[in-house]
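Beneath this line is the structure, given in structure tokens, with notes to follow.
The values are calculated or read from the model by the stated rules, or taken from the named source; none is laboratory data. It should be emphasised that the depicted structure is a prediction, and the values quoted were computed from it without experimental measurement. For neighbour counting, all protein chains shown are included, and Cβ atoms are generated from backbone atoms with ideal geometry for every residue, glycine included. Note: areas computed on protein heavy atoms with side chains; ligands, DNA, RNA excluded. Shrake-Rupley method; radii C 1.70, N 1.55, O 1.52, S 1.80 Å.
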Amino acid sequence: MIIRAVEIKEFDFAEYGIYYNMLEDRQNVMHCQTDVFEDHMTCHPLIDTPAHLGFTIGQSAPYTIQSMEKHDHTEEALFSMSEPFIVCFAKSRGALPPQAEDVRAVILRQGDMIVLARNIWHDAGHGMGKAASYYYLASRGMGPAEWIRIDGDPVSVVF
């Protein structure tokens, strides 16, 4: 199975969490501009637990996604440093592993931020044609997350 990553702005993310357009959202983001800087801040705390900041260097897309992780103890926010990146996610079906037919892929660009709800399967982000770095914000678990193999046909992600 081949899936094409779409721009997050063109995707209804509500089933998986919250999407923030940090530059244009006037309802959930406060904006301030002076002669020397521009500032954009969410109106409410980003996730619902105390958080740790993480930094990931993702490999290049296109790629074939093999496994995913999910967290029942925290939401997880992902946002770009500067380069766009692709992230895949899938709804949870309880105790079942992530299902290939549920995998979706979006492109996050500078100013885009998603907050994954608890128990949403997701993989590490991948750069578009080259490696890309991004930040994530989540509450650290008791140990490393368990990555679970996707059930079904292999899922190749293109852009």
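Each part reduced to its alpha carbon centroid, segment 15-54 and segment 94-113 end up 21 Å apart. Across the chain, the mean sequence separation of Cα contacts (distance under 8 Å, 6 or more residues apart), normalised by length, yields a relative contact order of 38 percent.
Accessible area per residue, 1.4 Å probe, Å², for the chain: what's the number?
On a per-residue basis, the chain sits at 55 Å².
Which of CYS32, CYS43, CYS88 ends up with the largest GNM mean-square fluctuation for the chain, with Cα atoms connected below 10 Å? Highest fluctuation of the listed residues: CYS32.
Loop-located trypsin sites (Lys or Arg not before Pro) across segment 1-84 with a Cβ neighbour count of 10 or fewer within 10 Å are ARG26, with loop assigned by DSSP.
Taking ALA95, ALA77, ALA131 in turn, the Gaussian network model of the chain (Cα-Cα springs below 10 Å) assigns the largest fluctuation to ALA95.
Shape analysis of segment 46-154 places it in the oblate category; the axes a ≥ b ≥ c from the Cα gyration tensor give an a/c of at least 1.5, with a/b not above b/c. Largest mean-square fluctuation among PHE11, PHE55, PHE37, in a Gaussian network model of the chain whose springs join Cα atoms under 10 Å apart, belongs to PHE37. The apolar share of the surface of the chain, taken as the fraction of accessible area on carbon and sulfur atoms (1.4 Å probe, ligands and nucleic acids excluded), comes to 52 percent.
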